[in-house]
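Just below is one structure, and these are the notes that go with it.
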Amino acid sequence: MLLETTYGKPIHYNKSKQIVGKTFSLYKIMKIGGSTSKRFFIQSSNLNIGFDKEIQSDLDSAIIEMRKSGIVVHINIKVRNFEWFIPYYRLVLYHTDQVFSIHSQGFYLQFDQYKASLQHSQFVRKLMQQKQEYRNEYSFIDDL
């Protein structure tokens, strides 16, 4: 679910808790070494957020926040803010040398790997580990 959270717009926190769960406790955040990523710079997207590759700036970025049942991607495009809620069972990650991308329900957000650092790859590892812990908690049809 994609919500615009620019100043002055109503925010639906109850819907977000239903989709991706509550935030981690302080103890859990300290145990896993943080629940948010550094700033990723957006390379391309097919989300309806007004991203235009021709007039792309360094202000077009996103921060990923891990939750108990999914992630929240905080997107900043020029002066507009969005939040994209993705449950773990719909989250697909692609990581290559040039691009890191997040896919869910036919939508994607690609990030530039040239501006990425070691901290980005460490966060991606933590995210994949958290997703695997969520999968182990529930049984899925493809696991049978």
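Among the residues of the stretch 86-138, those identified as in contact (Cβ under 8 Å) with a residue 60 or more places away in the chain, in a strand (DSSP E or B) and within 13 Å of the chain's Cα centre (by Cα) are Ile86, Pro87, Phe100, Phe107, Tyr108, Leu109, Gln110, Phe111.
Check whether at least one residue in the stretch 48-59 is at pLDDT 85 or above, farther than 14 Å from Gln130 by Cα and either in a loop (DSSP other than H, G, I, E, B) or of a type outside the set (S, T, N, Q) (or both), and report yes or no. Taking every residue of the stretch 48-59 in turn, none turns out to be at pLDDT 85 or above, farther than 14 Å from Gln130 by Cα and either in a loop (DSSP other than H, G, I, E, B) or of a type outside the set (S, T, N, Q) (or both). If I filter the stretch 60-75 for residues that are closer than 22 Å to Tyr138 by Cβ, modelled with pLDDT of 85 or more and out of contact with any strand residue (DSSP E or B) (no Cβ under 9 Å at 6 or more places or on another chain), do I get at least one hit? Yes, some residue in the stretch 60-75 is closer than 22 Å to Tyr138 by Cβ, modelled with pLDDT of 85 or more and out of contact with any strand residue (DSSP E or B) (no Cβ under 9 Å at 6 or more places or on another chain). For the criterion of being at pLDDT below 85 and in contact with a helix residue (DSSP H, G or I) (Cβ under 8 Å, 6 or more places away or on another chain), Asp112 fails.
The values are calculated or read from the model by the stated rules, or taken from the named source; none is laboratory data. Since the model is a prediction, treat every value here as computed from it, not as a measurement. FYI the Cβ positions are ideal-geometry reconstructions off the backbone, even for glycines, and counts take in every protein chain you see.
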